[in-house]
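J.: The following block contains the structure, expressed as C-alpha coordinates.
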Amino acid sequence: MGPTAHILPCGQRMHLQHGPSDLIVYAEGERDRAFSAAKARFDTIIAEVVSELDTLRKMISPLSTAPKGAAARRMHDAATCFGGEQVVTPMAAVAGAIADEVLAAMTAQTPLQRAYVNNGGDIALHLAPGTAFSTAIMGHDGTQLGTIQIDGADPVRGIATSGRHGRSLSLGIADSVTVLAERAAQADVAATLIANAVDLPGHSAIHRRPARDVIEDSDLDDLPVVVGCGPLTSKDAQRALTKGQSLANRFAVAKLISGAGLFLQGQSMTTQQTNFLTIPTPEPAHV
(Lines give C-alpha, C1' and ligand atoms only; values in the text may rest on other atoms or scores of the structure.)
Protein backbone atom coordinates (compact mmCIF):
# COMPACT_ATOMS: atom_id res chain seq x y z
CA MET A 1 0.00 0.00 0.00
CA GLY A 2 1.06 3.55 -0.63
CA PRO A 3 1.21 6.41 1.88
CA THR A 4 -1.96 7.24 3.79
CA ALA A 5 -2.98 10.40 5.67
CA HIS A 6 -5.88 11.34 7.89
CA ILE A 7 -6.70 13.96 10.52
CA LEU A 8 -7.08 12.52 14.00
CA PRO A 9 -10.34 13.05 15.95
CA CYS A 10 -8.82 15.93 17.96
CA GLY A 11 -8.58 17.90 14.71
CA GLN A 12 -5.12 19.19 15.65
CA ARG A 13 -2.94 16.26 14.62
CA MET A 14 -2.47 14.28 11.43
CA HIS A 15 -1.46 10.63 11.04
CA LEU A 16 0.82 9.70 8.14
CA GLN A 17 1.70 6.07 7.48
CA HIS A 18 3.69 4.19 4.84
CA GLY A 19 5.38 0.87 5.54
CA PRO A 20 7.33 1.09 8.81
CA SER A 21 7.05 4.89 8.97
CA ASP A 22 4.21 5.93 11.26
CA LEU A 23 4.09 9.70 11.87
CA ILE A 24 2.00 11.91 14.11
CA VAL A 25 2.18 15.53 12.94
CA TYR A 26 1.17 18.60 14.96
CA ALA A 27 1.25 22.30 14.08
CA GLU A 28 0.23 25.61 15.61
CA GLY A 29 -0.31 28.34 13.05
CA GLU A 30 -1.69 27.82 9.53
CA ARG A 31 -2.34 24.17 10.25
CA ASP A 32 -3.99 23.28 6.95
CA ARG A 33 -1.04 24.57 4.92
CA ALA A 34 1.43 22.87 7.22
CA PHE A 35 -0.41 19.54 7.02
CA SER A 36 -0.67 19.81 3.25
CA ALA A 37 3.08 20.34 3.00
CA ALA A 38 3.75 17.42 5.36
CA LYS A 39 1.57 15.09 3.33
CA ALA A 40 3.12 16.17 0.03
CA ARG A 41 6.64 15.52 1.33
CA PHE A 42 5.71 12.23 2.95
CA ASP A 43 4.11 10.98 -0.28
CA THR A 44 7.57 10.75 -1.90
CA ILE A 45 10.03 10.30 0.94
CA ILE A 46 9.88 6.53 1.47
CA ALA A 47 10.38 5.80 -2.23
CA GLU A 48 13.37 8.16 -2.24
CA VAL A 49 15.00 6.38 0.71
CA VAL A 50 14.27 2.91 -0.71
CA SER A 51 15.90 3.86 -4.02
CA GLU A 52 19.24 4.35 -2.21
CA LEU A 53 19.05 1.48 0.29
CA ASP A 54 22.19 -0.21 -1.04
CA THR A 55 24.22 2.88 -0.13
CA LEU A 56 22.40 3.55 3.14
CA ARG A 57 23.01 0.02 4.46
CA LYS A 58 26.79 0.29 4.18
CA MET A 59 28.91 1.09 7.23
CA ILE A 60 30.12 4.68 7.35
CA SER A 61 33.79 5.11 6.47
CA PRO A 62 36.03 7.86 5.03
CA LEU A 63 35.28 6.36 1.61
CA SER A 64 31.49 6.48 1.99
CA THR A 65 29.64 8.06 -0.93
CA ALA A 66 27.03 10.66 -0.04
CA PRO A 67 23.53 9.74 -1.29
CA LYS A 68 21.48 11.99 -3.56
CA GLY A 69 18.09 12.32 -1.89
CA ALA A 70 17.47 14.99 0.75
CA ALA A 71 16.32 12.57 3.47
CA ALA A 72 19.10 10.12 2.60
CA ARG A 73 21.66 12.93 2.89
CA ARG A 74 20.32 13.77 6.34
CA MET A 75 20.84 10.12 7.29
CA HIS A 76 24.36 10.06 5.87
CA ASP A 77 25.39 13.35 7.49
CA ALA A 78 24.06 12.33 10.91
CA ALA A 79 25.84 8.97 10.80
CA THR A 80 29.07 10.58 9.61
CA CYS A 81 29.14 12.80 12.72
CA PHE A 82 29.44 9.66 14.84
CA GLY A 83 31.82 7.74 12.56
CA GLY A 84 35.38 6.87 13.41
CA GLU A 85 35.50 4.03 15.91
CA GLN A 86 31.70 3.67 15.95
CA VAL A 87 30.05 0.89 13.94
CA VAL A 88 27.13 2.64 12.25
CA THR A 89 25.26 2.83 8.96
CA PRO A 90 23.06 5.72 7.81
CA MET A 91 20.04 3.49 8.54
CA ALA A 92 20.56 4.34 12.21
CA ALA A 93 19.16 7.79 11.38
CA VAL A 94 16.25 6.82 9.12
CA ALA A 95 13.35 7.56 11.49
CA GLY A 96 14.82 10.83 12.75
CA ALA A 97 15.81 11.98 9.27
CA ILE A 98 12.30 11.39 7.91
CA ALA A 99 10.86 13.39 10.83
CA ASP A 100 13.35 16.22 10.20
CA GLU A 101 12.59 16.28 6.48
CA VAL A 102 8.81 16.37 6.90
CA LEU A 103 9.07 19.12 9.53
CA ALA A 104 11.35 21.14 7.22
CA ALA A 105 8.71 20.96 4.49
CA MET A 106 6.09 22.28 6.91
CA THR A 107 8.12 25.24 8.18
CA ALA A 108 9.22 26.13 4.64
CA GLN A 109 5.58 26.37 3.60
CA THR A 110 4.24 28.59 6.39
CA PRO A 111 5.34 30.30 9.64
CA LEU A 112 4.48 28.18 12.69
CA GLN A 113 4.59 28.79 16.43
CA ARG A 114 5.10 25.19 17.47
CA ALA A 115 5.20 21.98 15.48
CA TYR A 116 6.44 18.47 15.75
CA VAL A 117 6.74 15.33 13.69
CA ASN A 118 6.80 12.19 15.81
CA ASN A 119 8.03 9.14 13.88
CA GLY A 120 7.46 6.28 16.27
CA GLY A 121 9.06 8.15 19.17
CA ASP A 122 11.77 9.94 17.19
CA ILE A 123 10.65 13.57 17.25
CA ALA A 124 11.60 16.61 15.16
CA LEU A 125 10.61 19.90 16.83
CA HIS A 126 9.94 23.47 15.74
CA LEU A 127 9.71 26.06 18.51
CA ALA A 128 9.33 29.78 17.90
CA PRO A 129 10.82 32.18 20.47
CA GLY A 130 8.81 32.24 23.67
CA THR A 131 7.31 28.78 23.18
CA ALA A 132 8.12 25.49 24.88
CA PHE A 133 7.61 21.75 24.52
CA SER A 134 7.30 19.08 27.17
CA THR A 135 6.79 15.34 26.97
CA ALA A 136 7.12 12.22 29.08
CA ILE A 137 9.80 9.55 28.69
CA MET A 138 7.90 6.27 28.61
CA GLY A 139 9.28 2.78 29.18
CA HIS A 140 8.54 -0.19 26.94
CA ASP A 141 6.02 -1.41 29.53
CA GLY A 142 4.14 1.90 29.60
CA THR A 143 5.61 3.26 32.82
CA GLN A 144 6.78 6.87 32.94
CA LEU A 145 10.55 7.07 33.36
CA GLY A 146 10.96 10.85 33.37
CA THR A 147 10.09 14.11 31.64
CA ILE A 148 11.60 16.40 29.01
CA GLN A 149 11.19 20.19 28.97
CA ILE A 150 12.54 22.28 26.07
CA ASP A 151 12.20 26.04 25.65
CA GLY A 152 12.32 27.94 22.37
CA ALA A 153 15.72 29.42 23.28
CA ASP A 154 17.25 25.96 23.83
CA PRO A 155 19.32 24.29 21.06
CA VAL A 156 17.39 21.01 21.20
CA ARG A 157 15.14 20.28 18.23
CA GLY A 158 15.41 16.50 18.11
CA ILE A 159 14.51 13.68 20.49
CA ALA A 160 15.05 9.97 19.84
CA THR A 161 14.81 6.71 21.74
CA SER A 162 16.51 3.40 21.04
CA GLY A 163 17.04 0.08 22.83
CA ARG A 164 16.43 -3.61 22.53
CA HIS A 165 12.66 -3.21 22.93
CA GLY A 166 12.37 -0.75 20.03
CA ARG A 167 11.60 -1.24 16.35
CA SER A 168 15.25 -1.83 15.39
CA LEU A 169 17.79 -4.44 16.41
CA SER A 170 20.28 -3.54 19.15
CA LEU A 171 23.80 -4.72 19.94
CA GLY A 172 23.26 -3.79 23.61
CA ILE A 173 20.91 -4.61 26.44
CA ALA A 174 19.49 -1.18 27.32
CA ASP A 175 15.73 -1.23 27.76
CA SER A 176 15.81 2.26 26.29
CA VAL A 177 18.04 5.28 25.76
CA THR A 178 16.50 8.70 25.11
CA VAL A 179 18.72 11.36 23.54
CA LEU A 180 18.24 15.08 22.93
CA ALA A 181 20.16 16.75 20.11
CA GLU A 182 20.05 19.60 17.62
CA ARG A 183 18.19 17.46 15.07
CA ALA A 184 16.17 14.26 15.26
CA ALA A 185 18.53 12.44 12.87
CA GLN A 186 21.49 13.16 15.16
CA ALA A 187 19.53 12.08 18.22
CA ASP A 188 18.49 8.90 16.40
CA VAL A 189 22.07 7.83 15.64
CA ALA A 190 23.33 8.75 19.11
CA ALA A 191 20.52 6.83 20.83
CA THR A 192 21.36 3.75 18.76
CA LEU A 193 25.07 3.90 19.57
CA ILE A 194 24.59 4.61 23.27
CA ALA A 195 22.06 1.77 23.55
CA ASN A 196 24.59 -0.52 21.83
CA ALA A 197 27.21 0.45 24.42
CA VAL A 198 25.01 -0.55 27.37
CA ASP A 199 26.24 -4.13 27.47
CA LEU A 200 27.85 -6.96 29.43
CA PRO A 201 29.75 -9.06 26.88
CA GLY A 202 29.79 -12.74 27.76
CA HIS A 203 27.14 -12.50 30.50
CA SER A 204 25.12 -15.70 30.80
CA ALA A 205 21.79 -13.87 31.04
CA ILE A 206 22.21 -12.25 27.61
CA HIS A 207 21.24 -14.10 24.43
CA ARG A 208 22.37 -13.04 20.95
CA ARG A 209 21.93 -14.09 17.35
CA PRO A 210 23.44 -12.82 14.08
CA ALA A 211 21.39 -9.89 12.84
CA ARG A 212 20.66 -11.57 9.50
CA ASP A 213 19.12 -14.54 11.34
CA VAL A 214 16.63 -12.15 12.95
CA ILE A 215 15.96 -9.83 9.99
CA GLU A 216 17.14 -11.22 6.67
CA ASP A 217 18.13 -7.90 5.09
CA SER A 218 19.44 -6.19 8.24
CA ASP A 219 22.13 -3.57 7.66
CA LEU A 220 23.98 -5.08 10.65
CA ASP A 221 24.84 -8.22 8.62
CA ASP A 222 26.21 -10.92 10.93
CA LEU A 223 26.81 -8.73 14.00
CA PRO A 224 25.42 -10.38 17.16
CA VAL A 225 22.23 -8.61 18.22
CA VAL A 226 20.52 -9.08 21.56
CA VAL A 227 17.40 -11.25 21.40
CA GLY A 228 16.93 -11.72 25.14
CA CYS A 229 18.21 -10.53 28.51
CA GLY A 230 17.31 -12.22 31.76
CA PRO A 231 17.21 -10.55 35.18
CA LEU A 232 20.44 -8.79 36.20
CA THR A 233 21.71 -7.88 39.63
CA SER A 234 21.65 -4.18 40.47
CA LYS A 235 25.44 -4.17 40.29
CA ASP A 236 25.50 -5.70 36.80
CA ALA A 237 22.82 -3.31 35.54
CA GLN A 238 24.78 -0.34 36.85
CA ARG A 239 27.96 -1.69 35.26
CA ALA A 240 26.26 -1.97 31.87
CA LEU A 241 24.70 1.49 32.16
CA THR A 242 28.06 3.04 33.07
CA LYS A 243 29.46 1.90 29.72
CA GLY A 244 26.66 3.64 27.86
CA GLN A 245 26.91 6.72 30.08
CA SER A 246 30.61 7.05 29.29
CA LEU A 247 29.90 7.13 25.56
CA ALA A 248 27.00 9.53 26.03
CA ASN A 249 29.22 11.91 28.01
CA ARG A 250 31.80 11.81 25.21
CA PHE A 251 29.10 12.75 22.70
CA ALA A 252 27.91 15.57 24.98
CA VAL A 253 31.44 16.97 25.43
CA ALA A 254 31.86 16.90 21.64
CA LYS A 255 28.56 18.88 21.31
CA LEU A 256 26.98 16.08 19.31
CA ILE A 257 24.11 15.72 21.79
CA SER A 258 22.56 17.88 24.51
CA GLY A 259 21.77 15.12 26.98
CA ALA A 260 20.66 11.52 27.41
CA GLY A 261 18.81 9.24 29.81
CA LEU A 262 19.70 5.53 29.95
CA PHE A 263 17.41 2.84 31.40
CA LEU A 264 17.89 -0.84 32.25
CA GLN A 265 15.77 -3.08 34.49
CA GLY A 266 14.65 -0.33 36.85
CA GLN A 267 18.04 1.40 36.96
CA SER A 268 18.85 4.69 35.20
CA MET A 269 21.71 7.05 34.47
CA THR A 270 22.03 10.38 32.67
CA THR A 271 24.75 12.40 31.03
CA GLN A 272 26.53 14.98 33.15
CA GLN A 273 24.40 17.65 31.44
CA THR A 274 20.74 17.07 32.27
CA ASN A 275 19.23 20.54 31.81
CA PHE A 276 16.36 19.21 29.72
CA LEU A 277 15.77 15.87 31.46
CA THR A 278 14.10 15.13 34.79
CA ILE A 279 14.51 11.50 35.84
CA PRO A 280 13.48 10.44 39.34
CA THR A 281 16.08 8.57 41.37
CA PRO A 282 15.07 4.90 41.25
CA GLU A 283 14.26 3.09 44.42
CA PRO A 284 16.99 0.70 45.60
CA ALA A 285 16.79 -2.56 43.68
CA HIS A 286 16.92 -5.95 45.34
CA VAL A 287 20.02 -7.95 44.35
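The values are calculated or read from the model by the stated rules, or taken from the named source; none is laboratory data. None of the values given here were measured: they were computed from a predicted structure. Backbone-built Cβ (ideal geometry, glycine too); neighbour counts: all protein chains shown. Heavy atoms of the whole protein, side chains included, go into the accessibility calculation; ligands, DNA and RNA do not. Shrake-Rupley method; radii C 1.70, N 1.55, O 1.52, S 1.80 Å.
J.: Using a 1.4 angstrom probe on heavy atoms only, work out the carbon and sulfur share of the accessible area of the range 139-287 in %.
T.: It is 49 percent, rounded to a whole number.
J.: So if we plug the beta-carbon distance of residue 242 and residue 144 into 1/(1 + (r/R0)^6) with R0 = 30 Å, what FRET efficiency do we get, rounded to 0.05?
T.: 0.80
J.: By how many degrees, 0 to 90 and rounded to 10, does the Cα axis of helix 70-81 deviate from the longest principal axis of the chain?
T.: In the chain, helix 70-81 runs at an angle near 30 degrees to the longest axis.
J.: For the range 34-79, calculate the relative contact order in percent as a whole number, restricting contacts to Cα pairs under 8 Å that are 6 or more residues apart.
T.: About 36 percent, as a whole number.
J.: Now for a different question. How about residue 243: which lysines have a C-alpha closer than 16 Å to its C-alpha, ignoring those fewer than 8 places off in the same chain?
T.: Straight-line reach from residue 243, under 16 Å: 235.
J.: Moving on. Which number do you get for Rg(Cα) / (2.2 N^0.38 Å) in the chain?
T.: 0.98
J.: Pairing the Cα long axis of helix 234-253 with the longest principal axis of the chain, what angle in degrees results, from 0 to 90 and rounded to the nearest 10?
T.: So the inclination is approximately 50 degrees.
J.: In nm², what is the average projected area of the convex hull enclosing the Cα atoms of the range 125-173?
T.: 4.3
J.: Would you work out the relative contact order for the range 122-241, in percent, from Cα pairs under 8 angstrom that are 6 or more residues apart?
T.: 20
J.: Nearest 10 degrees, 0 to 90: what angle lies between the long axis of helix 184-197 and the longest principal axis of the chain (Cα atoms)?
T.: 10
J.: Further question on the same structure: Using a/c under 1.5 as the rounded threshold, could you call the range 155-287 rounded, prolate or oblate? The axes a ≥ b ≥ c are square roots of the C-alpha gyration tensor eigenvalues, and prolate needs a/b larger than b/c, oblate otherwise.
T.: Note, shape of the range 155-287 comes out oblate.
J.: Which value in Å does the Kirkwood hydrodynamic radius of the range 39-151 take, with 1/r averaged over all unlike C-alpha pairs and then inverted?
T.: Taking the inverse mean of 1/r over all distinct Cα pairs, the range 39-151 comes out at 15.6 Å.
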